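A short write-up of the structure that comes next.
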Amino acid sequence: MNNSVDFKVHGKFALFTDPLTKIGGEKCSYHVPTYEALKGIAKSIYWKPTFVWVIDKVRIMKRIRTQSKSMKPLDFSGGNSLAIYTYLADVEYQVRAHFVWNPFREDMAKDRIDGKHWSVANRMIDRGGRQDIFFGTRECQGYVEQCVFGDGKGVYDDAGELAFGLMFHGFDYPDEIGKNELWSRFSRPVMKDGIIEFDRPKDCTIRKLVREMIPKPPKSVGLEEEGLCHELD
């Protein structure tokens, strides 16, 4: 099955945070991207409800640096408040990901054509993605390019092992687990010589129920989408 892709993504700033801290106040980025953030980037490159992206691993190419900025976020009571956001600066990652069919979208069964989805995904990587790429938040623009995972020199190639403790991993969405519930997952990623191999979502043992949620899966015609016709020629 042709379902694996490699891509490089880079940008000036990144803000990878636990979604529970997005409500307001000071923000400080994790030192490395979360599984969910990279899954979001993969979906921005190319996605159909037919499949679910699985992030296999990420390679940290540049030294981890932070930069703080004064911000004036909107206050829920009106007006603006003052806050300090701590971003990652000058980031670059190599990512390996693959897609699996979503078993809860039987209506898309006829669209399960791995070679064509794989081909379109690679063409979209060449073009920088179908949608804008963001590193955790909209003010952090990212840029996508083709690469071969492992090529080139990374600053942590011989750095040994570094653990990052408990981190937000991702969400279990109702249309991906077949339940009317939204769960958050957590894991303890470890970087070995610059590479983090992510736990599979099913292997994450720490979960928290966020709330009940009725799935509203998007309607799609899959590969029959008019704008994709020329991509398959």
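The values are calculated or read from the model by the stated rules, or taken from the named source; none is laboratory data. Small disclaimer: the values here were computed from a predicted structure and weren't measured. Counting neighbours? That spans all protein chains shown, and the Cβs are built from the backbone with ideal geometry, glycine included. Just the protein is used for accessible areas: all its heavy atoms, side chains included, with ligands, DNA and RNA removed. Shrake-Rupley method; radii C 1.70, N 1.55, O 1.52, S 1.80 Å.
Annotations
- Per-residue SASA entry for ARG130, accessible area with 1.4 Å probe, Å² rounded to 10: 100
- If both residues of a DSSP beta bridge must be in the chain, then about 95% of such bridges are antiparallel.
- If R0 is 35 Å, the Cβ-Cβ spacing of LYS216 and MET71 corresponds to a FRET efficiency of close to 0.65.
- Rounded FRET efficiency, nearest 0.05, which uses the C-beta distance separating LYS192 from ARG127 and R0 of 35 Å: 0.60
- Whole-angstrom gap from region 162-202 to region 41-97, using each part's C-alpha centre: 15
- In this entry, the chain is assigned a mean projected area of 14.0 nm², taken as a quarter of its C-alpha convex hull surface.
- Taking each residue as 0.36 nm, the span from PHE164 to ARG138 lengthens on full extension beyond its C-alpha to C-alpha distance by 6.9 nm.
- Lysine pairs meeting the criterion (Cα under 20 Å, 8 or more apart or interchain), as found in region 138-233: 5
- Residues SER184, SER77, SER220, sorted by accessible area with the largest first, give SER77, SER220, SER184 [1.4 Å probe; ligands and nucleic acids excluded].
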